[in-house]
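The values are calculated or read from the model by the stated rules, or taken from the named source; none is laboratory data. Just so you know, these numbers come straight off a predicted model, no measurement behind them. When we count neighbours, we look across all protein chains shown, and the Cβ atoms used for this are built from the backbone with ideal geometry, even at glycine.
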Amino acid sequence: MIRLAGTALDEDSAAFIRANRIRGACLFRQNMVDAGQLGELTGALRAAMGENALIALDQEGGAVVRSLWVPPPPSAMALGAADDPALARDVGAAVARAVKSMGFNWNFAPVLDLNNNPLNPVIAERSFGADPQRAAAIALAWMAGSQAEGVACCVKHFPGHGDTHVDSHRDLPTVDKPLDELERFEFAPFRTAAPHAPAVMTAHIVYPALDPHSPATMSRAILHDLLRAGWDYHGVIITDGMDMHAIAHRYGAGQAALNALLAGADMVMAIGSRATQEETLDAIAGAIADGRLPLHEVRARLDRLDRLAATYPALAAPYATEAADRALMARAWQRGLTAYRAPRRPPPGARLRLVARQDVVSDGVSEAGVPAARIAAALGERYDVDLVTFADAERFDWNALPADGRFTLLASTSRRRYGPHARATWQPDLHLALWNPYQALDFDAPALLTFGFAPPALEAVNAWLAGDIEAQGHCPVPGFA
């Protein structure tokens, strides 16, 4: 599976795909302008790859979405807070209808990682929760909805990225737990999903209890012995992006790809440069030629990929339910809205001070957060708002805010947890945790948790402030009782 650089399939890339019989592409925000452009791009990919094309994206919900013009789905943890499998199924189906209308047949979701580490820098609200049974039930309902609409899912990141304090995009994490603990927690949702999931994505993480040397992506003990043989898994195993630092900073692209295939992966996500992709192709071809990858095993992998593409063909379908799906997403965001420490509403017309970051950035996985000015504008419909922004939370002097009686509201618009200075000195009257719910634990203050910053999440906040709805969600991870 490759990544493309632009918003159209140029002839050189199409020739490269045809010459090497590449059958998979993963598209990102940089490849998307609008529905018309994207439909042309996915159509060109189908023509170049043939009938067994696998055209993928990450449309999880929350902060991890690639198409921004379709109805924005709530994050996994928002659905976990709502704790309603029927709602999750409806949301998964709606996501699939939007995805299919753009020409995709494979969505790299849902996330089955149990976020049981409050310092996790990359999963957090992407997880359905910390309880293995409950998280799996909601995730599988989401997946069932997607697949009923004709879009394949891919559960990730096997065998679990939830209990890490390192982002595998940046470095190589280790989950050093006894095997029985891994079985009870990290592995449990994946084992539950194995009979139903058409595909599994690997984690670039070392699990010493199973393999002290290789990350799961390259571990035969994990991919073949545990997943394929131990759990009798018959679906597709695809690697996470091999350009991530956990892999790319330790292995050559060709050797990394070969290691993953020898471990039991069916498809390598070579989403680096053209040179990286050619190195990957050369390594695979060489291993087939010299017998390290026996032909009968190669054919078995191709058969699994063929079955996936045949079951979920990449055929763009009209998007006839967009208005209804948008209303559904709005209701789902409202259902996940969660109160923490009994937050109180400022009265209508109150003088309010909003404190928020100056900048909003993408971490390379998620979309950029919501700008402070947009939050201020939304609040300005009900309140007299004074906006104060900061560049560096650890240098911002909360005590320098005017003592003028304004109700002070902190809006957190990034995933990063706060540091010791902010935690020790900031005293908001109300904390809007608009992204990472664990930020609510950084302050001894009432909080409203949205688990995401999409427009309907902000609309849910405004509805709560207006008294039109209550925050009835329950945060599905420890620490929020």
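Please state which one of Gly264, Gly241, Gly230 is within 24 Å of Glu186 (Cβ to Cβ), touching a His at 6+ places or on another chain (Cβ under 6 Å) and of a type outside the set (A, V, I, L, M, F, W, C).
Details: Gly241 fails: touching a His at 6+ places or on another chain (Cβ under 6 Å); Gly230 fails: touching a His at 6+ places or on another chain (Cβ under 6 Å).
Within the list Gly264, Gly241, Gly230, the selection yields Gly264.
Could you please find all residues in the range 192-222 being part of a loop (DSSP other than H, G, I, E, B) and either of a type in the set (A, V, I, L, M, F, W, C) or out of contact with any helix residue (DSSP H, G or I) (no Cβ under 8 Å at 6 or more places or on another chain) (or both)? Write out each step before concluding.
Of all residues in the range 192-222, those part of a loop (DSSP other than H, G, I, E, B) come to 194-198, 203-205, 208-210, 219.
Within the range 192-222, Ala194, Pro195, Ala197, Ala203, Ile205, Pro208, Ala209, Leu210 qualify.
Residue by residue through the range 316-371, note down the ones that are in contact with a strand residue (DSSP E or B) (Cβ under 7 Å, 6 or more places away or on another chain), among the polar types (S, T, N, Q) and outside any loop (DSSP other than H, G, I, E, B).
Of everything in the range 316-371, just one residue is in contact with a strand residue (DSSP E or B) (Cβ under 7 Å, 6 or more places away or on another chain), among the polar types (S, T, N, Q) and outside any loop (DSSP other than H, G, I, E, B), namely Thr338.
Restricting attention to the range 331-349, report how many residues are over 14 Å from Ala454 (Cα atoms) and crowded, with 17+ Cβ neighbours inside 10 Å. Give the derivation first.
Taking the range 331-349 as the starting set, the residues that turn out to be over 14 Å from Ala454 (Cα atoms) are 335, 338-349.
Those still in the list that are crowded, with 17+ Cβ neighbours inside 10 Å too: 335, 338-340, 343, 346.
Number of matching residues: 6.
Output the helices (runs of 4 or more DSSP H) that fall wholly within the range 241-314 and possess 1 or more residues being in contact (Cβ under 8 Å) with a residue 60 or more places away in the chain, or say none. If you could, list the steps in order and put the result at the bottom.
On the way: elements: 245-248, 253-263, 274-289, 295-311.
Passing ranges, in order: 245-248, 274-289, 295-311.
Being over 21 Å from Ala94 (Cα atoms), of a type in the set (Gly, Ala, Ser) and buried (at least 20 other Cβ atoms within 10 Å of the Cβ) is the filter here, so list the residues in the range 29-67 that pass it.
Of everything in the range 29-67, just one residue is over 21 Å from Ala94 (Cα atoms), of a type in the set (Gly, Ala, Ser) and buried (at least 20 other Cβ atoms within 10 Å of the Cβ), namely Ala53.
Can you pull out every residue in the range 150-168 that is modelled with pLDDT of 90 or more and not in a strand (DSSP E or B)?
Step one: of the range 150-168, the residues modelled with pLDDT of 90 or more are 150-159.
Answer for the range 150-168, where residues must be modelled with pLDDT of 90 or more and not in a strand (DSSP E or B): Gly150, Val151, Cys154, Pro159.
Is it the case that Gln59 is in contact (Cβ under 8 Å) with a residue 24 or more places away in the chain and in a helix (DSSP H, G or I)? If you could, list the steps in order and put the result at the bottom.
Values: in contact (Cβ under 8 Å) with a residue 24 or more places away in the chain: yes; in a helix (DSSP H, G or I): no.
Taking the combined requirement at face value, the residue does not satisfy it.
Going through Ala109, Ala144, Ala130, Ala136 one at a time, which residue ends up being more than 14 Å from Ser75 (Cα to Cα) and either part of a loop (DSSP other than H, G, I, E, B) or within 12 Å of the chain's Cα centre (by Cα) (or both)?
On the way: Ala109 fails: more than 14 Å from Ser75 (Cα to Cα); Ala144 fails: either part of a loop (DSSP other than H, G, I, E, B) or within 12 Å of the chain's Cα centre (by Cα) (or both); Ala136 fails: either part of a loop (DSSP other than H, G, I, E, B) or within 12 Å of the chain's Cα centre (by Cα) (or both).
That would be Ala130, the only listed residue that is more than 14 Å from Ser75 (Cα to Cα) and either part of a loop (DSSP other than H, G, I, E, B) or within 12 Å of the chain's Cα centre (by Cα) (or both).
Confirm whether Ala124 is crowded, with 24+ Cβ neighbours inside 10 Å, modelled with pLDDT under 95, under 29 Å from Met218 (Cβ atoms) and of a type in the set (A, V, I, L, M).
Working: crowded, with 24+ Cβ neighbours inside 10 Å: yes; modelled with pLDDT under 95: yes; under 29 Å from Met218 (Cβ atoms): yes; of a type in the set (A, V, I, L, M): yes.
Taking the combined requirement at face value, the residue satisfies it.
Scan Glu394, Glu381 and give me the residue that is in contact with a His (Cβ under 9 Å, 6 or more places away or on another chain), surrounded by fewer than 19 Cβ atoms within 10 Å (Cβ to Cβ) and in contact (Cβ under 8 Å) with a residue 24 or more places away in the chain. Break it down into steps so the answer makes sense when it comes.
Numbers: Glu381 fails: in contact with a His (Cβ under 9 Å, 6 or more places away or on another chain).
That would be Glu394, the only listed residue that is in contact with a His (Cβ under 9 Å, 6 or more places away or on another chain), surrounded by fewer than 19 Cβ atoms within 10 Å (Cβ to Cβ) and in contact (Cβ under 8 Å) with a residue 24 or more places away in the chain.
Report the residue count in the range 15-34 for those that are under 20 Å from Trp106 (Cα atoms) and in a helix (DSSP H, G or I).
Let us first name the residues in the range 15-34 that are under 20 Å from Trp106 (Cα atoms), namely 17, 21-34.
From what's left, in a helix (DSSP H, G or I): 17, 29-31.
Matching residues across the range 15-34 total 4.
Look through the range 79-97, keep the residues that are touching an Asp or Glu at 6+ places or on another chain (Cβ under 7 Å) and hydrophobic (A, V, I, L, M, F, W, C), and return whichever of them is surrounded by the most Cβ atoms within 10 Å (Cβ to Cβ). Write out each step before concluding.
Going through the range 79-97, the residues touching an Asp or Glu at 6+ places or on another chain (Cβ under 7 Å) turn out to be 93-94, 96-97.
From what's left, hydrophobic (A, V, I, L, M, F, W, C): 93-94, 96.
Numbers: Ala93: 21, Ala94: 25, Ala96: 27.
Among residues in the range 79-97 that are touching an Asp or Glu at 6+ places or on another chain (Cβ under 7 Å) and hydrophobic (A, V, I, L, M, F, W, C), the one surrounded by the most Cβ atoms within 10 Å (Cβ to Cβ) is Ala96.
So Ala376 fits all but one of (1) surrounded by 13 or more Cβ atoms within 10 Å (Cβ to Cβ); (2) assigned to a loop (DSSP other than H, G, I, E, B); (3) not polar (S, T, N, Q); what number is the exception?
(2)
Just one of (1) within 25 Å of the chain's Cα centre (by Cα); (2) of a type outside the set (Val, Ile, Thr); (3) at pLDDT below 95 trips up Tyr312, so point out which.
With respect to (1) within 25 Å of the chain's Cα centre (by Cα); (2) of a type outside the set (Val, Ile, Thr); (3) at pLDDT below 95, Tyr312 is out only on (3).
Which numbered condition trips up Gln427, out of (1) without any contact (Cβ under 8 Å) to a residue 40 or more places away in the chain; (2) crowded, with 19+ Cβ neighbours inside 10 Å?
(2)
In the set Pro189, Pro215, Pro178, which member is at negative phi and in contact with a His (Cβ under 7 Å, 6 or more places away or on another chain)?
Values: Pro189 fails: in contact with a His (Cβ under 7 Å, 6 or more places away or on another chain); Pro178 fails: in contact with a His (Cβ under 7 Å, 6 or more places away or on another chain).
Among Pro189, Pro215, Pro178, only Pro215 is at negative phi and in contact with a His (Cβ under 7 Å, 6 or more places away or on another chain).
Scanning the range 407-466 for residues that are β-branched (Val, Ile, Thr) and assigned to a loop (DSSP other than H, G, I, E, B), which turns out modelled with the lowest pLDDT?
We begin by selecting, within the range 407-466, every residue β-branched (Val, Ile, Thr); these are 408, 413, 425, 450, 461.
Imposing the further condition that a residue be assigned to a loop (DSSP other than H, G, I, E, B) reduces the set to 413, 450.
Values: Thr413: 94, Thr450: 98.
Here the answer is Thr413.
So which residues in the range 244-266 are at pLDDT below 90 and either closer than 18 Å to Ala300 by Cβ or of a type in the set (Phe, Trp, Tyr) (or both)? Lay out the reasoning, then the answer.
In the first step, residues of the range 244-266 are kept if they are at pLDDT below 90; the result is 244-253.
Matches in the range 244-266: Tyr251 only.
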